[in-house]
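Beneath this line is the structure, given in structure tokens, with notes to follow.
The values are calculated or read from the model by the stated rules, or taken from the named source; none is laboratory data. Since we're looking at a predicted model, the values are computed, not measured. Positions of Cβ are generated from backbone atoms using ideal geometry, with glycine treated the same way; all protein chains shown enter the neighbour counts.
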Amino acid sequence: MSTEVAGGEGERQGRGLTVSRLTVTPFEAKAPAISEVSFRLEPGERALLLGPSGAGKSTLLLTISGALQQLESAEISGQVDAPASGLLLQNTADSSVADTVFRDVAFGAESAGIPALTISSLVSQALAEVGLSGIPDQRNPETLSGGELARSCLAGLLTLRPQLLLLDEPTAMLDANSATLVREAVKTYLESSGANAIVAEHFFAGWAPMLDRTLVLDGSGHLIADGPTELVLADQADLLLSWGLWVTEETPEGAWKHPAPALGLEPWPVAAEANGSSPASGKIIALVGPSGSGKTTWLNQALGDAVPSETGWMPQNPLLTIAGETVLKSVLAPELPKVVDKADGGLRGRAIDLLARLGLGDALDQSPHSLSGGQLRRLALATSLLRQPRVLYLDEPTVGQDAHNWVKVTGQVLAARDSGATVYLATHDPLLLEYADEVMTFPQAAAVHRIDAANHNDLDVQKVSGSRGQLPFSPLGLLGASAVTLGFALGFQSVLGACTALILELLVLLALMARYPRLRHPKLFWPVLVGVISVWFSNWWLSANHLLEPAALVALRVAFFGLPGVLLSSAISASSFGDQLGQLLHMPARPVVAGMIGLYRVQRLRTNWANLVLLRRIRGIRQTGPIGGLRELGTLTLLTLVDATRGAQQTAIAMETRGFSATEEEGKPIRRSWAQPATWGRGDVWLLLGAAALGLIGLLVR
Amino acid sequence: MTNTNTERNFKWRGIDLVTTAILAAALGVAFWGYDVFIYPVASTLGNIYPPLAELQLGVWLIPAVLGAVLVRKPGAALYAELIAATVELLLGGNSWGWANLVSGLAQGLGVELVFLVLGYRRYNLRFAMIGGAISAVFEVIYEYVSWVPEYSVLQKAVYMVCGVISGAAIAGLVGWWLVQTLGRLGVLNAFASGREARLADKEELRKA
């Protein structure tokens, strides 16, 4: 793997890329995903990779990058001779592996064992290359817009100066402006580095001019065309059109425009009678604004107030809508018939009809978990339309759709409007936006971080950085102090001593809370109080001789070692904890880094969970009661885990393409470096000493 | 360049680490859901006779069993349980503070011990349940020292029995079931455990 540290420009000539007779058969697939594929890119050559959905484009890129081999879930034969490569995935949210842009971009350099000082100049250089020098590098990647995140991920690849860039649908989820910026960034790098590139993209018109070669895979994973881009696009135009690729008017032969969506659709029966409005009152209201502009807040508010039976919601994460073993059962949901008006016997027929209109007619009996991202989105759309709602909220319905399916999706959106529904539409798709009747604009908000009033101790609220209210101690100091209090507490022998120590501890904690506003969460006292009382009570009631004093001692001990952690942990940052475990305690770097990523995901997992609860309420399929609650909890847990597992796989790929598992380079072992130093300050020493002093008091006072 | 993973490989891959970490974090979030849906009811029942509350213990041991059964490598149970405990600690709203990590350590080691004895080679429902039970034993011993030292011998025994039943029945069963279910859904194809679950499922379908 190449880890040249030296500056950006230069005539570095790559060795090109050779793929010979490559065949890849994914686990349990009947046929290879790519079959006997051979081609060679000379140094500096850049290729566009085209093919219908499911043609194995992603598989090819994953194999070339070496990430697929890590996943161990495919049979691979043939040869790949590739230089060190960087792979940019479509799902950039799962590619992010840190809580700040700086750490995220530095990840690859850390994997390569580059020293911290060099890393920070590499990071600023890479951010400048992708045009992101303007954003503070301590921002949480989750607060970036889709386009910024894609460029930030690209910067994370560029720190290692890869000689081969592999881009898998890099702009599929972006608006036109953001897509242009991503293309510019890629172009700048390719021109300055002379690296090779392969770009797989359905919507490829913008990419074609900068890619000299085009490779075309057919539906069975064979390479059926390979040549200069203009030539291939001209020769294969009909085929590409038939696959639903987005051959727009900008392409050389320019024959095709997106078809009128009115093509062959009949509006579904009007839901309007429920609210007395006429069909003509339906409209499409586009919600437009950058990430963090309050769109999500507005949407959550609207959904929270919505009347479930009149509302349909297609969330941005379509996986959340799965509610049954098959596609059809998922739309109908086993719980649904009980709550929907019994007279409405046509629900099943309507579901089948909707699925057919959305191109899922052949998939009725398939497991929804086997669907592709684009199919899943159409399933989610069908689900939201099923009850013919008066108000529809659709979040990015056209993402990942080829031209054929785009027409089907847009057709249903328009049909809903023509049936009298008010459609709120959040989308970046410029073609879809053309159909909006009204536009609701959300300006860029001043504060970019999310504030969740109900959960002040959120992991990501603490990431709002800056020295204001900076705590004087670190996670490790807190852990050490907690260990000290635990050790001493178990030795407490007298109620008086334990009481004295506890009261002094409380005073210290209250003083800290008075001094640092971010520690003020009085709510956190309650569980401790309840816990302590029940420990006291049960240790008295269930003891052999029912003495109050020994039981009280146990309760005081529990309070003494529990309180500091309960009250102070809300201010802990996962990343500085990880830095300390790795650098001060010298724990193995990879498990520590992966563990930190798990902690960073907590906020998103909770958002997903909350959305799932909301969605099930709106669909009227939420189960209640003791047994129902238990089943509901099971459903929520399983879907959360499915989503987490899928995301984890993407994250693992993103990590591997940045050298996470590389153990040596040219025979020399690599030791992972840390881009940011671990902190250990005077405050930590004081915390430890304070804990020990309180413990001693508790031990000695009798 | 074939890639069948027939021989045992105890070296952790990146995907082993990050999947375990994220799933453990997700379970941490599910615990939080548990607090909303179940805990109020269960705790009320528990107050009638405190050792009964220990029947919930298994819920907190799920990550350890799930990690071990999923990854099949040394350290998986401990790693998963420690991360879940850290998430719980950081989400707050409980009374345990950093003692959570001591519990996590004890619970993880319990499951770890069972699969160590089995050479990290044998994974089935029965061993998952034994893992959950031994994990509960470790946790209860720690609680003897810190939380219930004054209980009479009889009550301590009842406490242990409740914990062990819960460890086997909840942690063992649910931990095992989750891995099998995720495997059947096809999201664990990168893991030997997931591939086996998927193939077993297909086998059943063929027979039916």
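Worth pointing out:
- Single condition residue A:610 does not satisfy, out of (1) farther than 29 Å from residue B:17 by Cα; (2) surrounded by fewer than 17 Cβ atoms within 10 Å (Cβ to Cβ): (1)
- Count of the range A:660-681 residues, restricted to those that are within 29 Å of residue B:27 (Cα to Cα) and either out of contact with any Lys or Arg (no Cβ under 9 Å at 6 or more places or on another chain) or of a type in the set (Phe, Trp, Tyr) (or both), is 3.
- The range A:154-209: number of residues that are at pLDDT 90 or above, assigned to a helix (DSSP H, G or I) and not hydrophobic (A, V, I, L, M, F, W, C): 11
- Taken as a whole, the condition of being β-branched (Val, Ile, Thr) and without any contact (Cβ under 8 Å) to a residue 24 or more places away in the chain applies to residue A:554.
- Count of residues meeting criterion [surrounded by fewer than 19 Cβ atoms within 10 Å (Cβ to Cβ) and either in contact with a Gly (Cβ under 7 Å, 6 or more places away or on another chain) or not in a helix (DSSP H, G or I) (or both)] in the range A:420-435: 2
- Matching residues in the range A:360-411 - criterion: being part of a loop (DSSP other than H, G, I, E, B), more than 21 Å from residue A:171 (Cβ to Cβ) and of a type in the set (Val, Ile, Thr): none
- The set of residues in the range A:64-84 that are over 23 Å from the mean Cα position of the chain (by Cα) and more than 12 Å from chain B (Cβ to nearest Cβ) comprises A:64, A:82, A:83, A:84.
- Unmet criterion (only one of (1) outside any helix (DSSP H, G or I); (2) within 21 Å of residue A:649 (Cα to Cα)) for residue A:64: (1)
- Candidates B:205, B:116, B:199 - the one that is touching a residue at least 24 places away in the same chain (Cβ under 8 Å) and of a type outside the set (Lys, Arg): B:116
- Residue in the range A:65-86 that is among the hydroxyl-bearing types (Ser, Thr, Tyr) and either touching a helix residue (DSSP H, G or I) at 6+ places or on another chain (Cβ under 6 Å) or under 21 Å from residue A:173 (Cα atoms) (or both) present: yes
- Residue match in the range B:60-79 (condition: within 20 Å of residue A:561 (Cβ to Cβ) and at pLDDT below 95): yes
- For the range B:152-159, the count of residues that are hydroxyl-bearing (Ser, Thr, Tyr), farther than 30 Å from residue A:577 by Cα and within 11 Å of chain A (Cβ to nearest Cβ) is at least one.
- Qualifying position, being away from chain A (no Cβ under 11 Å) and on the phi > 0 side of the Ramachandran plot, among B:119, B:172, B:132, B:167: B:119
- Residue in the range B:141-149 that is more than 13 Å from every other protein chain (Cβ to nearest Cβ) and not aromatic (Phe, Trp, Tyr) present: yes
- Check on residue B:190, closer than 23 Å to residue A:639 by Cβ and touching a Lys or Arg at 6+ places or on another chain (Cβ under 6 Å): no
- Some residue of the range B:33-43 being buried (at least 18 other Cβ atoms within 10 Å of the Cβ), at pLDDT 80 or above and within 9 Å of another protein chain (Cβ to nearest Cβ): no
- Hits in the range A:591-602 - residues which are in contact with a Phe, Trp or Tyr (Cβ under 9 Å, 6 or more places away or on another chain) and either facing chain B (nearest Cβ under 7 Å) or within 16 Å of residue B:97 (Cα to Cα) (or both): A:591, A:594, A:595, A:599
- Count - residues of the range A:35-65 that are under 18 Å from residue A:79 (Cβ atoms) and basic (Lys, Arg): 1
- Among the residues making up the range A:651-687, those that are part of a helix (DSSP H, G or I) and at the interface with another protein chain (Cβ under 10 Å from one of its Cβ atoms) are A:651, A:652, A:653, A:654, A:655, A:656.
- Taking the conditions (1) of a type in the set (Val, Ile, Thr); (2) at pLDDT below 85; (3) over 22 Å from residue A:632 (Cβ atoms) in turn, residue A:339 satisfies each one other than (3).
Results for (1) touching a Ser or Thr at 6+ places or on another chain (Cβ under 7 Å); (2) of a type in the set (A, V, I, L, M), shown as yes or no for each residue.
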| position | (1), (2) |
| --- | --- |
| B:57 | yes, yes |
| B:78 | no, yes |
| B:85 | yes, yes |
| B:116 | no, yes |
| B:120 | no, no |
| B:132 | no, no |
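Every residue, every condition in (1) surrounded by 23 or more Cβ atoms within 10 Å (Cβ to Cβ); (2) touching an Asp or Glu at 6+ places or on another chain (Cβ under 6 Å), yes or no:
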site: B:63; (1), (2): yes, yes
site: B:84; (1), (2): yes, no
site: B:90; (1), (2): yes, no
site: B:107; (1), (2): yes, yes
site: B:136; (1), (2): yes, no
site: B:142; (1), (2): no, no
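- Residue count for the range A:574-590, restricted to those that are part of a helix (DSSP H, G or I) and either surrounded by fewer than 22 Cβ atoms within 10 Å (Cβ to Cβ) or more than 9 Å from chain B (Cβ to nearest Cβ) (or both): 10.
- The residues in the range B:152-191 that are in contact with a strand residue (DSSP E or B) (Cβ under 7 Å, 6 or more places away or on another chain) and either outside any loop (DSSP other than H, G, I, E, B) or crowded, with 23+ Cβ neighbours inside 10 Å (or both) can be counted, and the count is 1.
- Residue, farthest from residue B:106 (Cα to Cα), within the range B:137-151, restricted to residues that are among the aromatic types (Phe, Trp, Tyr) and in a helix (DSSP H, G or I): B:144
- Entirely in the range A:471-564, the helices (runs of 4 or more DSSP H) that have 3 or more residues that are within 43 Å of the chain's Cα centre (by Cα) and within 11 Å of chain B (Cβ to nearest Cβ): A:475-489, A:525-541
One line per residue, one yes/no per condition, for (1) crowded, with 22+ Cβ neighbours inside 10 Å; (2) closer than 29 Å to residue A:631 by Cβ:
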site: B:112; (1), (2): yes, no
site: B:124; (1), (2): no, yes
site: B:133; (1), (2): yes, yes
site: B:196; (1), (2): no, yes
site: B:208; (1), (2): no, yes
